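The structure appears below as structure tokens.
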Amino acid sequence: MSDLFADDPEWADVVPIRQYENVNPIAPIFYSEEYKDATDYFRGVVKTGELSPRVLKLTERIIRMNPAHYTAWQHRYKTLIALKADLEDELRLMDDIAKQFLKTYQVWHHRRLLLTALNSVDVAVLELEFLRDVLADDTKNYHTWSYRQWILAHFNNEARLWARERAYAEALLEEDVRNNSAWHHRFFVVFSSGVRLGDEDREQVLRRELSYAKEKIALAPNNPSAWNYLRGALEFTKTPFETLTSFVEPYTTPQSPNAADVVDLDNPLPSEQAELPCVAALEFIADVYEERGGEATSKAVEIWKSLANERDVMRKKYWEYRIRDALQSS
Amino acid sequence: MGSALDIPLHVKYIQSLGENKDDLVYHLTAHLRMNAVYWGLTALCIMGHKDALDRDETIAFVMSCWDNEAGAFGAHPDHDAHIHATLSAIQILLMQDALDRIDVPRVVKYILSLQQPSGVFAGDHFGEIDTRFLYCAVNALSLLDHLHELDVEKTVGYIRRCKNFDGGFGAREGAESHAAQVWVCVSALAILDRLDEVDQDTLGWWLAERQVPNGGLNGRPEKLEDVCYSHWVLSTMSILNKIPWIDADKLTAFILSAQDLEHGGIADRPGDLPDVFHTIFGLGGLSLLGYPGLADLDPVYCMPADLIESKGLRKGWEALPRRSLT
């Protein structure tokens with residue numbers, strides 16, 4: 001029982017066009033029967049400019065076999081628009097393709113076109129839900145994340161779209177505190193895309209964010225994403241690094257056996273299993289000393305030396321550069 | 001200590017691409033064919049075996065991908081024009097000394113038509129936007145000597161908006177920093193002489209942090225190392241004159257260990273199957289690290305350095321000195 005378009009009487013009126021036969025040896029073509037058949041008929045309908053329901057069937061077959069076939073996606077989209085098709089139905093139809101081929105650019109671009117055409121916050125809400133599903137399988141998928149960020153910025157709806165994003169990033173970090181994409185998303189939501197509803201008190205926001213970063217650093221000190229976030233928040237708000245010295249200092253020495261009796265919420269201590277001192281903390285403190293200048297410079301140099309020779313030997317030349325640079329300026 | 005670079009084997013590997021490969025897989029990658037030829041040819045040039053691919057056949061293939069309606073090149077015969085394929089076509093023709101085959105005014109017009117109001121470029125008229133395509137546009141216009149037609153402020157303005165809190169750049173405004181996107185943004189800025197837009201120390205440090213204990217490089221914090229980052233990360237560091245911040249010996253050993261010493265080619269990491277994409281980027285990394293027996297690679301254009309220099313397009317990047325064969 002043939003599934004081929006060539007054997008389907010509904011397609012008898014279409015002239016299939018073979019792929020470039022007298023092929024240049026530098027790019028020879030090999031086929032599977034089904035793919036060859038579908039793309040032959042595709043070339044046929046592209047040539048005649050047909051934009052019909054059966055073209056939707058044809059392009060769907062192609063993209064399920066080869067999601068990177070961008071011409072098939074383009075023609076499909078043109079067909080959907082020409083037919084005034086129900087684009088929400090199209091989104092649902094494409095859901096399993098998105099989940100299967102989530103690393104393919106075209107899958108996401110198609111959805112973006114549909115969202116743009118539908119221009120509906122209701123649809124955007126559903127789409128953000130759908131993306132949670134996708135990200136549950138691949139928590140760091142770059143395309144999915146940047147598509148999510150586009151939806152938020154494009155529709156820019158505080159109550160219905162932005163409102164739950166910080167909590168979402170937080171939930172993901174609860175599962176994996178080292179998820180750099182989730183850290184990035186949090187920064188995107190809190191700092192780099194304007195002021196969220198309820199976040200008007202920027203000082204309160206900064207306190208909250210610093211507290212959050214510190215808490216996560218305490219949980220897993222050797223986590224570059226958390227430290228990058230901390231630095232980013234300080235730089236963005238032009239807060240001197242110096243103000244975090246008492247928090248960072250315990251991370252620059254090997255674990256003290258006698259933990260403090262009083263828990264200081266502002267300065268959470270490293271968890272017991274932490275590998276200390278951690279490189280990022282040493283780097284941070286050295287930056288503080290360098291910024292202070294004067295006598296503190298030599299303390300920075302000592303730290304950089306220990307990093308170069310012991311703690312982060314892989315980046316020895318970077319630490320030696322910091323030493324030279326600081327000594328030259330002083 | 002580890003294996004040396006087996007140049008003759010990799011040359012044979014590139015020559016064999018397209019012959020006797022798994023049928024469907026080869027066809028499913030038709031949308032990348034122009035890029036694949038560019039990667040293969042550049043790799044051959046770096047290995048000093050440019051003539052391993054027939055010049056006339058290569059040129060004929062490129063020209064067979066001309067989309068006369070659009071005035072640009074597609075990835076494969078009968079594929080619609082795309083900016084990435086167009087760049088690869090230009091690069092191939094330049095390496096084959098056949099740039100005169102291009103209808104420059106039409107191609108320039110096509111490229112410029114893809115710039116969006118925001119300053120980013122789309123990949124084609126279907127509209128997918130990405131800083132990769134911005135780089136393709138800037139690079140292509142530069143190689144065609146038509147960079148003066150670009151609205152530089154508008155283009156640089158978009159890159160600026162893609163700069164993140166860690167000093168890196170993403171695919172679009174708001175997107176996470178990723179080493180490949182960092183490379184395209186920094187290289188575009190280098191071509192436009194606007195490296196002043198980069199926080200060079202912060203970014204240089206972020207890039208140095210991509211090196212993981214086994215010597216390989218990753219693309220984002222807490223992700224796996226991959227040979228292709230030997231290009232994205234290392235080339236960017238070369239442009240910022242910070243290659244010394246990477247442990248060169250460990251990275252060299254990592255790249256060499258990802259060679260397929262049976263069939264040739266380089267894979268994303270040791271033990272995996274090779275492909276031409278990882279082959280050129282592994283070789284590019286080795287070249288920048290001064291590995292003996294390789295030609296210089298220009299990290300801004302990812303093309304032979306002497307060729308770029310002859311066009312007067314060399315920027316102020318620095319690679320490690322070439323070690324001699326012992």
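The values are calculated or read from the model by the stated rules, or taken from the named source; none is laboratory data. Everything quoted here is computed from the prediction, not taken from an experiment. Methodologically, a virtual Cβ is constructed for each residue, glycine included, from the backbone with ideal geometry; neighbour enumeration extends over all protein chains shown. Remember, those area values only see protein heavy atoms, side chains included, never the ligands or the DNA or RNA. Shrake-Rupley method; radii C 1.70, N 1.55, O 1.52, S 1.80 Å.
A few points about this structure:
- Residues A:D176 and A:A117, FRET efficiency given R0 of 41 Å [Cβ-Cβ distance, rounded to 0.05]: 0.75
- Efficiency of FRET between A:D201 and A:E10 - r from beta-carbon atoms, R0 60 angstrom, step 0.05: 0.40
- About the centre of its Cα atoms, the protein assembly as shown shows a dipole size close to 940 debye [charges on the beta carbon of Lys, Arg (+1) and Asp, Glu (-1) only; nearest 20 debye].
- From phi via Karplus (6.51, -1.76, 1.60), per-residue ³J(HN,Hα) for the range B:31-48 in Hz, x at Gly/Pro: 5, 10, 4, 4, 4, 5, 5, 4, 4, x, 5, 4, 4, 4, 4, 5, 8, x
- Based on C-alpha pairs under 8 angstrom that are at least 6 apart in sequence, the range A:183-330 has a relative contact order of 19 percent.
- Taking amide H positions as modeled 1.01 Å from N, with prolines and chain starts lacking one, the residues under 5 Å from B:D298 and 5 or more places away or on another chain are B:M303, B:A305.
- Cβ neighbours within 10 Å from other chains - mean over B:202-210: 3
- A simple rule links phi to the HN-Hα coupling: the Karplus curve 6.51 cos²θ - 1.76 cosθ + 1.60 with θ = phi - 60°, which for the range B:238-250 gives 5, 5, 8, 6, 10, 3, x, 6, 9, 6, 5, 5, 5 Hz, with x for Gly and Pro.
- Heavy-atom accessible surface of chain B: percent carbon and sulfur, 1.4 Å: 50
- Extension gain, A:L327 back to A:N309 (0.36 nm per residue minus Cα-Cα distance, nm): 4.7 nm
- Think of a 1.4 Å ball rolled over the protein heavy atoms: the protein assembly as shown then has 41 Å² of accessible area per residue.
- For the range A:73-85, backbone phi angles converted through the Karplus equation (6.51, -1.76, 1.60; θ = phi - 60°) give residue-by-residue couplings of 4, 4, 5, 4, 5, 4, 5, 4, 5, 4, 7, 6, 5 Hz, Gly and Pro being listed as x.
- Under-5 Å amide H pairs with B:H125, H placed in peptide plane, nonlocal only: none
- Inter-chain shielding of B:247-259 (mean C-beta neighbours from other protein chains, 10 Å cut-off): 1
- Here the contact order of chain A, divided by its residue count and restricted to Cα pairs under 8 Å and six or more residues apart, works out to 8 percent.
- Listed residues A:V14, A:N222, B:T131: farthest to the positive end of the dipole of the protein assembly as shown (Cβ charges): B:T131
- Amide H contacts of B:D67 (H built 1.01 Å from N, under 5 Å, at least 5 apart or other chain): B:A72, B:F73, B:G74
- Positive end of the dipole of the protein assembly as shown (Cβ unit charges, origin at the Cα centre): among A:N267, A:Y77, B:P292, the Cα lying farthest that way belongs to B:P292.
- Heavy-atom accessible area buried between chains B and A is around 5100 Å² (1.4 Å probe, both sides summed).
- Over chain A, DSSP H runs of length four or greater, each weighted -39,500 (n - 2.57), average out per residue to a 222 nm ellipticity of -19000 deg cm²/dmol.
- Theoretical ellipticity at 222 nm over chain B - DSSP helices of four or more residues, -39500 (n - 2.57) apiece, nearest 500: -13500 deg cm²/dmol
- Non-local Lys pairs in chain B, i.e. 8 or more apart or on different chains, that have alpha carbons under 16 Å apart: 4
- Stretching B:S16 away from B:D56 to a fully extended chain increases their span by 12.7 nm, per 0.36 nm per residue minus the current alpha-carbon distance.
- The mean sequence separation of alpha-carbon pairs under 8 Å and at least six residues apart, normalised by the residue count of chain B, gives a relative contact order of 16 percent.
- Compared with the dominant Cα axis of chain A, that is its longest principal axis, helix A:316-329 is turned about 60°.
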